[in-house]
Amino acid sequence: MPWTWVADAYRAMLDAVFEGVVQPALYALGAMDWAEDAFDWTDFALMGLLQIALIVAICRPLEAWRPVERWEDGRQVRTDILYTVIARLGLLPLIAFVLLFPIRSWIEATLMAHGLVAPTLDALIPGLREAPALAFLVYLVILDFGEYWRHRFQHSVGWWWALHSVHHAQTQMTFWTDDRNHLLDDVIAALWFGGIALLIGVPPGQFPLLVLVTRVAESLSHANVRISFGRVGERLFVSPRFHRAHHGVLSVAEQGRNYAVLLPVWDWMFGTADFRRDVFPPTGDPGAPEALAKGGWLRQQVEGARRMAAAMVRRGT
């Protein structure tokens, strides 16, 4: 496979970290019974650290080169950095995939007991199993389609928007803002992404790379950088300009535009695209309380949960 050397290099790094740092610490603490779980969490944490390093290496120079805005007080951005550390080191999509995998295995075993086979893309599309690179691209497109609709639901379902408004309240948007989400919103997103991946039969070896590609692209699209991909490029891939229009003060809740994560084609197909290449609006949600825009991590989490409960109560009355 084209990415075999990447997987081998990562596995060698993971083994070195676990055997050189984590395992000796477990032994010193008398906690070797936790070794298997500790290895899994080391895997999650290392993958998260590599994601952060890659994202900073790509996005930070761009923001320094051609920023849309500059701010004297970066406190709101520092809060977003905390969000990123919590989200990336936890790697909720990977955890959801791991937790859901036994469910798919049980379903497959049940179907096999009745002489049936669980459908997967590589079983339904001839030759896909023998072309892993092509399969990877197909999985990526399908998962991106699912992410488009999840994003639209976040804006159209009242209680879900109450959670998602934590993300949209940021008036100092940078590449760190990608992970500025309510924890419950992150859990739902992880289950959504991981569930679709299992449903279409994504192999465990490819899933982390799918997460990595998606996460890097999302971080770049949130970057505080005045970049458009041009008349053609804007229609092929989501750019910082394209996604900034989505975060603009006039694009909140049901008025949202540009929902796509990777491929703008979904916005074009479903009438939600804004391809004006010279538009870099201020970001934020004018209707959000100050706690969501300028509060610390805990305050934003509490306020998001309170707003979600209020939205559910209003719907029930």
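The values are calculated or read from the model by the stated rules, or taken from the named source; none is laboratory data. Predicted model, so just to flag it, every value in this text is computed and none were measured. Reconstructed Cβ throughout: ideal geometry from the backbone, glycine too, with neighbour counts over all protein chains shown.
Residue check: L91 meets all listed conditions (1) at pLDDT 65 or above; (2) surrounded by 15 or more Cβ atoms within 10 Å (Cβ to Cβ); (3) under 28 Å from A293 (Cβ atoms) but one, namely (1).
So if I check each of Q172, Q154, which one is of a type in the set (S, T, N, Q) and over 15 Å from the mean Cα position of the chain (by Cα)? When all the criteria are applied, what remains is Q172. Check the range 228-239 and report whether any residue there is closer than 21 Å to W176 by Cα, surrounded by fewer than 21 Cβ atoms within 10 Å (Cβ to Cβ), in contact (Cβ under 8 Å) with a residue 40 or more places away in the chain and in contact with a Ser or Thr (Cβ under 6 Å, 6 or more places away or on another chain). Scanning the range 228-239 turns up at least one residue that is closer than 21 Å to W176 by Cα, surrounded by fewer than 21 Cβ atoms within 10 Å (Cβ to Cβ), in contact (Cβ under 8 Å) with a residue 40 or more places away in the chain and in contact with a Ser or Thr (Cβ under 6 Å, 6 or more places away or on another chain). Kindly establish whether L210 is under 12 Å from the mean Cα position of the chain (by Cα) and farther than 27 Å from E303 by Cα. Considered against the rule, which asks whether it is under 12 Å from the mean Cα position of the chain (by Cα) and farther than 27 Å from E303 by Cα, L210 comes out as yes. Do we have A31 as modelled with pLDDT of 80 or more and surrounded by fewer than 14 Cβ atoms within 10 Å (Cβ to Cβ) here? It is false that A31 is modelled with pLDDT of 80 or more and surrounded by fewer than 14 Cβ atoms within 10 Å (Cβ to Cβ).
Of all residues in the range 37-65, those that are within 25 Å of A25 (Cα to Cα) have Cβ atoms under 7 Å from Cβ atoms of residues that are not in a helix (DSSP H, G or I), 6 or more apart or on another chain, in F44/L91; M47/L91; G48/L91. When the test is whether a residue is assigned to a helix (DSSP H, G or I) and either modelled with pLDDT under 85 or exposed (fewer than 15 other Cβ atoms within 10 Å of the Cβ) (or both), R70 does not pass it.
Taking the condition of being crowded, with 21+ Cβ neighbours inside 10 Å, over 12 Å from the mean Cα position of the chain (by Cα) and part of a helix (DSSP H, G or I), how many residues in the range 177-197 meet it? Residues flagged as crowded, with 21+ Cβ neighbours inside 10 Å, over 12 Å from the mean Cα position of the chain (by Cα) and part of a helix (DSSP H, G or I) within the range 177-197 amount to 1. Residues that are farther than 24 Å from S219 by Cα and at pLDDT 85 or above do not occur anywhere in the range 35-56.
The residues of the range 56-91 that are within 16 Å of G284 (Cα to Cα) and not polar (S, T, N, Q), listed by number, are V68, E69, R70, W71, G74, R75, V77, D80. Applying a threshold of 7 Å to beta carbon distances and a minimum spacing of six or more residues, or different chains, the list of pairs starting in the range 158-183 at a residue that is within 21 Å of L212 (Cβ to Cβ) and ending at one that is small (G, A, S) and buried (at least 24 other Cβ atoms within 10 Å of the Cβ) reads T174/A223; F175/S219; F175/A223; D178/S219.
Is the range 205-222 home to any residue that is basic (K, R), buried (at least 21 other Cβ atoms within 10 Å of the Cβ), in contact (Cβ under 8 Å) with a residue 60 or more places away in the chain and not in a loop (DSSP other than H, G, I, E, B)? Yes, the conditions are met somewhere in the range 205-222.
Among the residues here, S156 does not qualify as among the hydroxyl-bearing types (S, T, Y) and under 28 Å from G74 (Cβ atoms).
Checking V313, V249, V261 one by one, the residue that is at pLDDT below 90 and surrounded by 14 or more Cβ atoms within 10 Å (Cβ to Cβ) is V249 and no other.
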